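The values are calculated or read from the model by the stated rules, or taken from the named source; none is laboratory data. All of these numbers come straight from a predicted model, not from anything done at the bench. Here the Cβ positions follow ideal geometry from the backbone for every residue, glycine too, while neighbour counts run over all protein chains shown.
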Amino acid sequence: MIDYLTSLPPFVLGLLKGLAVIVVIFPIAGACSMAERKVSAWIQDRHGPNRAIPFWFAWVPVLGPFLQRIGAFHLLADGLKFLFKEEPLPGHVNKLYFTLAPAIALIPAFTTVTVVPFGAYLDGAGHLVPLMLANVDVGILAVFAVASLGIYSMILAGWASNSKYPFLGSVRASAQLISYELSLTLCVLPVFLLLNRPGAPATLSLVSAVEAQSGLWPSWHGIWLIFLMPVSALIFLIALFAETNRLPFDMIESEADLVGGFHTEYGAFKWSLFFVAEYSHMIVGSGVFILLFLGGWNPLPWLPLAAVAAKLGFAGHPVVFGVVSIVIFLAKILVFLFLFMWVRWTVPRFRYDQVMRIGWRVLLPLALVNLLVYALGIAWLQPVH
């Protein structure tokens, strides 16, 4: 099957990969929206959505009431509502750019998914073969470069709305995302300074980070990088909240003073596309954090998946190994998505001046000092050739 896919023309193969991303990400984003409401209801001690159910399914005993109680059918109801609801198009907006902005939001979000490995298997020689749509050696650079383009959709949406509140939201977006991108990039540099060993080919691949934490490098013994670089991990996590526009950093929307921010004039399907993009960025950001600092698809620190597979006897079965790695990786992402939602419904929103102060006066100096310390430490410990 893999040989057949690789033999397809590049255009057809690229089209299939694009369709695969859309088919997977859209339902996951809808499920995240549903989970967000259920998590908020749990935190606030209420039931949450539990009313929607098709009339023909309501008669099914046990299963019907159970699925209704957990709100499973609200996912279907929300998708159909956004798809068929009347699209508002205010008369004062710039119609071309107003319509383009949600589509532009999706492009970076979906593109970054392709360069993030979501699992792996061992080949006959014991080498790690990553499962990903585009195996590029500049993986982390591709993620940062493409994801940063998402800011243009917010700026375009706010400007094209011809309204003061969306415009203020887009101005805040440009200031906030640029501020925290600096810290986000600087905190990752020590990781790749450490990964690029003497004598080894230089790499920016996310797969190399997982290989190091999988015990495939003899000097590492499967240790996770969060234990070697806790400050880098903390800076990355805080900046990730700001980059994905999540509380307490949601100055871009800030309902208290901007009504809804850059998407105030949007509704129905166009409005939903912005949130599909937001959840996609959350998934990709969580995946990158897991790959860099939490061992990727390895179940526990100092316990690589390859060692578990050898003990349980499925190391020589690529399909089983691949499925297990995917399940572990997705489980870690679900934990991070829950963390995003938990923080949203428990931590109050920062003021705009506090967001800027944290970005420029706290995180950026801390990231610079962290980079300097690790650069000097790695240079000191490097063997002289």
Worksheet item: Given the conditions (1) assigned by TED's automatic domain parsing to the domain that holds residue 322; (2) touching a helix residue (DSSP H, G or I) at 6+ places or on another chain (Cβ under 9 Å); (3) of a type outside the set (A, V, I, L, M); (4) surrounded by 14 or more Cβ atoms within 10 Å (Cβ to Cβ), which single one is not true for residue 163?
Response: (2)
Item to complete: Restricting attention to region 37-73, report how many residues are of a type in the set (Val, Ile, Thr) and outside any loop (DSSP other than H, G, I, E, B).
Response: 2
Fill in: Residues satisfying the stated conditions in region 82-96, i.e. surrounded by 14 or more Cβ atoms within 10 Å (Cβ to Cβ) and more than 12 Å from residue 270 (Cβ to Cβ)
94
Worksheet item: Do we find a residue being surrounded by fewer than 19 Cβ atoms within 10 Å (Cβ to Cβ), more than 22 Å from the chain's Cα centre (by Cα) and within 28 Å of residue 91 (Cβ to Cβ) anywhere in region 169-186?
Response: yes
Worksheet item: Only one of (1) part of a helix (DSSP H, G or I); (2) within 29 Å of residue 27 (Cβ to Cβ); (3) in the same structural domain as residue 189 (by TED's automatic domain parsing) fails for residue 76. Which number is that?
Response: (3)
Worksheet item: Do the conditions hold for residue 185, that is, is it among the hydroxyl-bearing types (Ser, Thr, Tyr), in the same structural domain as residue 261 (by TED's automatic domain parsing) and not in a helix (DSSP H, G or I)?
Response: no
Worksheet item: Are any of the residues in region 83-93 in contact with a Pro (Cβ under 8 Å, 6 or more places away or on another chain), in contact (Cβ under 8 Å) with a residue 40 or more places away in the chain and not β-branched (Val, Ile, Thr)?
Response: no
Discussion item. Tell me whether region 332-352 contains one or more residues that are surrounded by fewer than 14 Cβ atoms within 10 Å (Cβ to Cβ) and among the hydroxyl-bearing types (Ser, Thr, Tyr).
Written reply: yes
Practice prompt. Out of the residues in region 203-227 that are modelled with pLDDT of 90 or more and under 29 Å from residue 355 (Cβ atoms), state the one that is surrounded by the fewest Cβ atoms within 10 Å (Cβ to Cβ).
Written response: 226
Fill in: So residue 13, is it exposed (fewer than 14 other Cβ atoms within 10 Å of the Cβ), part of a helix (DSSP H, G or I) and not assigned by TED's automatic domain parsing to the domain that holds residue 132
no
Worksheet item: What single numbered condition from (1) assigned to a loop (DSSP other than H, G, I, E, B); (2) closer than 16 Å to residue 355 by Cβ fails to hold for residue 257?
Response: (1)
Practice prompt. Please state which one of 322, 285 is small (Gly, Ala, Ser), modelled with pLDDT under 90, closer than 30 Å to residue 34 by Cβ and surrounded by 15 or more Cβ atoms within 10 Å (Cβ to Cβ).
Written response: 322
Response to the item:
Of the residues in region 213-250, those that are closer than 21 Å to residue 144 by Cβ, among the aliphatic types (A, V, I, L, M) and touching a Lys or Arg at 6+ places or on another chain (Cβ under 9 Å) come to 240
Item to complete: May I ask you to list the residues in region 105-145 that are crowded, with 19+ Cβ neighbours inside 10 Å, closer than 30 Å to residue 170 by Cα and not polar (S, T, N, Q)?
Response: 105, 106, 108, 109, 110, 113, 115, 116, 139, 140, 142, 143
Practice prompt. Could you grab me the full set of residues in region 303-313 that are out of contact with any strand residue (DSSP E or B) (no Cβ under 7 Å at 6 or more places or on another chain) and either crowded, with 18+ Cβ neighbours inside 10 Å or touching a residue at least 40 places away in the same chain (Cβ under 8 Å) (or both)?
Written response: 303, 304, 305, 307, 309
Response to the item:
All conditions in (1) at pLDDT 85 or above; (2) in contact with a helix residue (DSSP H, G or I) (Cβ under 7 Å, 6 or more places away or on another chain); (3) among the charged types (D, E, K, R) are true of residue 69 except (2)
Worksheet, complete the sentence: Restricting attention to region 108-132, the residues that are closer than 24 Å to residue 243 by Cα and of a type outside the set (Val, Ile, Thr) number exactly 6
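Residue-by-condition table, conditions (1) assigned to a helix (DSSP H, G or I); (2) more than 20 Å from residue 378 (Cβ to Cβ); (3) over 18 Å from the mean Cα position of the chain (by Cα):
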site	(1), (2), (3)
235	yes, no, no
238	yes, yes, no
247	no, yes, no
251	no, yes, yes
Practice prompt. Considering every residue within region 136-147, establish whether at least one is outside any helix (DSSP H, G or I) and closer than 27 Å to residue 307 by Cα.
Written response: yes
